[in-house]
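See structure below.
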Amino acid sequence: MQSNYGEIYRAWRSDHVAHWTEAARGVDWFEHPATVFDETLGVYGRWFPDGRGNTCHNCVDRHVEAGHGERTALIYDSPVTGRKARYSYAELLGEVNAMAAVLADHGVEKGDRVVIYMPMIPEAVFAMLASARIGAIHSVVFGGFAANELAARIEDSQAKLVVSASCGIEPNRIVAYKPLLDAAIGLSHHKPDHCLVLQRPEHEAELGEARDVDLGPALEAARGRTVPCASLAATDPLYILYTSGTTGQPKGVLRDNGGHMVALAWSMRAIYGVSPGEVFWAASDIGWVVGHSYIVYAPLLNGSATVLYEGKPVGTPDAGAFWRVVEEYKVSVLFTAPTAFRAIRKEDPEGALVKDYDLSSLRALFLAGERADPDTVQWAERVLGVPVIDHWWQTETGWTIAGNPLGLGQLPVKHGSPTVPMPGYELHVLDDAGHEVPPGTLGNIALKLPLPPGCLPTFWNADARFRAACLDEFPGYYKTADAGYVDEDGYVFIMSRTDDIINVAGHRLSTGAMEEVCASHPDVAECAVIGVADTVKGQIPAGFLVLNSGVSRESSVIEREVVGLVRDRIGPVAAFKTVICVKRLPKTRSGKILRGTMQKIADHEPWKMPATIDDPSILDEIAAALQTRGIGA
Ligand code: COA
Ligand code: AMP
C-alpha cells in the first residue's frame, strides 16, 4: 500500500483547523465544538473550547448505544494469579456505572481528584472510566513507587479519595499496598476523605482506619445502578499523570477531555491501523502514559478490545508469555517497550518459543518508551515476521510525536529512527541559542506551538512551572528535552535526553531525584547519579558518593544504606542497586559535576578530557572504581 502520510501531513500543515475539524467527527459530542482552536486561552491556546462531551461516554456508552454491546471491550489476563476475565462493552458499562455510583456515594463530584493506586486489575480501569464519567480527575499512581512518591501525588493533587487494592503481585513477592497507602497519607499534609480498598485473596488488607471502605461489597451493592455521563467542557481536565521532572518534585501532566478523545481516536486508526472489534494489546502498566493512552482510552474510544495483562514478558511463566497472549486473544497489534523484547531475547535468543504459538493474527509490533536499538528491532522483525515500528513520544504529549503510521500506509523503515513527525507536530532541531540546525546535525528537538490536541495544556495547578520547564527556553516552541537530529529524508533520530531523566526498563526516572535521596544520608557529603547502559533495561542508575570527612564506618555499609533509602523513598522501580564511594567527584573549575563524562566512561564510549576539569586524575579513579564493579555495557 502506497503511504498517504506525505499528503496528509502536508494537508495538516496547510490547514490545521481542517485536519482537526475532520478528526473531531470521529467522536460523539454533546455539543459539537464550533471553535477548533483558540490561541487566546490557556498557556498556549486550547482545543475545541466550546465543545462539550464525555470521555467515558465515548469509550463505553456510545458503542453499546450503537448496538455493539456484545463486542469484547476488556480482556483481563493475569498469569500471576491464574485469573482471566472478559468484559463486553455492555458488561463494562455495568461495571463502570457501579464504580461511578460508589464514587458518588463517597462524595466524589465533578472536578474532584481521585488517586488510583492499583495493580493491573479490571477495577483500576473501571475506576478511571468512572472518574471520567462523573467528571472527576483521576491520577493513577504506579505500584512500584514508594510511599513518599504516592504522598507527593496525593498532596499535590489534593485528592478527595483514593481507590486502591490490598496488594499487587510481583513474580518474586506480594506487594502489600495498604501499608504503603497509610504511610503515604501519614506523610501527606492533605488527607483524602476515603480510601476504597479492593480485597484480593492473595493478601487481604486491614481496613482499620475510619476512612477505609471495603470496595468489593460496595461495588456489589451498587450493581444495576446507573450514573449519567456528566456533560463536560472539552477543556475540563480528564486526568493528571505525574512524571519525573528535573527535581524530586514530580510534574503533574494535565490532560483535557476533548482534545484527548479526538487525538487518540485518530491515532488508533491512522497510526496503529486498528479497526473496531479488533484486539489491541499494550503490554505496559496503567501507571504510565502508555497504559493511560493505549491500554485504556484509545482502544476503547475506537471500539476495539484491549488486553489488561498482569504479568511480565519473562518469568510468568517463561519467555513465551507474550506469544501465548497473542495466540489466545488473537491480538492484531502489540505495543510494548524495547526492554521487554530484550528480556525475552535474553531468555530465548533464537525465539524458539515463538514457534510454539499461532501468531497469525499479529500484524505489527509497536515499540516506544525508550530508544529502540536497531539490534532489538531486527531480532523482533526476524522472530515475528511482521513490521516492527518504533515510535517516539512522551507523557507530556500522550500520543506519537514521530512514528511510522501503519494506518496511513507504512513508510520505509530506517533502523534507529522512529521515522517522521505525525500530523499535528511541526518538529524543529535547534541549537542552544534557538537557531535551526542543518539536517544531520544534533540539536534540541523542539515542537512549534501550538501542540496538537491530546498534548498537555499545562501542568496541574502550575502554569508558571510549565512555562519555565517547557516553553521559555525556545520561545514559540515546546522543548521536548530530547536531543537528536533529522536526516536528509526527514527521518527523526532521538539520541538522548538533555536533562537528568534516565530510562530504566522503559520507566522514566530522574537522577536528580535520586541524588536528593542519596544526599539526605547523614554520612554523604556529595553525590552524583548517572544512567549507565544495561543490556536488558537500557539504562540503570549508578550512584557515586563522597563521604563526610571523619566517617569511620565501612563504606560498603553506607552504600547498602543508601540503596535502601532510594528503594524506600522512590521505590523498587528505580532499580537503584549500584553505589560506589569515591574520594572525590570530577568537576569543572566552576564546580559543575562532570556527569556526562562519567557516563561515557561507564559506557566505554570515547570521551575527551574536558578542558575545564579541575583535577584530571579523578576521572582515572572513577574509571577504576567502575571497573572493579564490572559496570557498563
Ligand atoms: N508494583 C510493585 N513493584 C514493582 C512493580 C509494581 N507494579 N513493577 C515493578 N516493580 C518492582 C519489581 O518487582 C522489581 O523489584 P525488585 O528490585 O524487588 O526485583 C523492581 O520494581 C524493578 O522492576 P522492573 O523494572 O519491572 O524490572 P524487572 O527486573 O523486574 O523486570 C523487565 C524487567 C524488562 C521484564 C520489566 O521491566 C518489564 O516487563 N518491562 C516492560 C516495559 C514496560 O512495561 N514499560 C512501561 C512503559 S511502555
Ligand atoms: P515517558 O514520558 O515515560 O513516556 O518517557 C518519554 C521519554 O522516553 C522521551 O522523552 C524519550 O527520552 C524516551 N523515549 C520514548 N520513546 C522513545 C523512542 N521511540 N525513541 C527514543 N526515545 C524514546
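To put it simply, the accessible area of the stretch 293-429 at a 1.4 Å probe is 51 percent carbon and sulfur. Pairs of Cα atoms nearer than 8 Å and 6+ residues apart set the relative contact order; for the stretch 505-628 it is 22 percent. On a per residue basis, the convex hull of the C-alpha atoms belonging to the stretch 505-628 measures out at 110 Å³. A full extension of the chain between Asp50 and Lys608 corresponds to an added length of 195.3 nm, given 0.36 nm per residue minus the alpha carbon distance. Residues Arg62, Arg133 ordered from highest to lowest accessible area at a 1.4 Å probe: Arg62, Arg133.
Relative contact order for the chain: what is it in percent, counting Cα pairs under 8 Å that are at least 6 residues apart? Rounded, it is 12 percent for the chain. Based on protein heavy atoms only, the stretch 46-179 ends up with 27 Å² per residue of surface accessible to a 1.4 Å probe.
Counting only DSSP H runs of at least 4 residues, each contributing -39500 (n - 2.57), and dividing by the residue count of the chain, the helix-based mean residue ellipticity at 222 nm comes to -8000 deg cm²/dmol. Counting only protein heavy atoms and a probe of 1.4 Å, the accessible surface of the stretch 34-157 is 43% carbon and sulfur.
Protection proxy ranking, highest mean first, for peptides 558-565, 449-456: 449-456, 558-565, where packing is the per-residue count of other beta-carbon atoms within 10 Å, averaged. Along its three principal directions, the equivalent ellipsoid of the stretch 335-474 from the Cα gyration tensor extends over semi-axes of 34, 17, 15 Å, largest first. By the beta carbon rule, with partners counted only under 4.7 Å, the chain holds these lone Cys residues: Cys56, Cys59, Cys167, Cys195, Cys229, Cys455, Cys470, Cys581.
Would you work out what percent of the accessible area of the stretch 505-628, with all protein chains in place, is carbon or sulfur (probe 1.4 Å)? Carbon plus sulfur share of accessible area: 51 percent.
The accessible area of His57, taken with all protein chains in place and a 1.4 Å probe, comes to roughly 20 Å². Within the full protein context, the accessible area of Lys577 is estimated at about 150 Å² for a probe radius of 1.4 Å. Protection proxy ranking, highest mean first, for peptides 618-624, 465-471, 392-398: 392-398, 465-471, 618-624, where packing is the per-residue count of other beta-carbon atoms within 10 Å, averaged.
Heavy-atom accessible surface of the stretch 505-628, averaged per residue, reaches 47 Å², computed with a 1.4 Å probe.
Here the stretch 350-398 and the stretch 258-279 have alpha carbon centers that stand 19 Å from each other.
The values are calculated or read from the model by the stated rules, or taken from the named source; none is laboratory data. These numbers come from a predicted model, not from an experiment. Note that each Cβ is placed from the backbone with ideal geometry, even for glycine, and that neighbours are counted across all protein chains shown. Heads up: the accessible areas ignore ligands, DNA and RNA and are worked out on the full protein's heavy atoms, side chains in. Shrake-Rupley method; radii C 1.70, N 1.55, O 1.52, S 1.80 Å.
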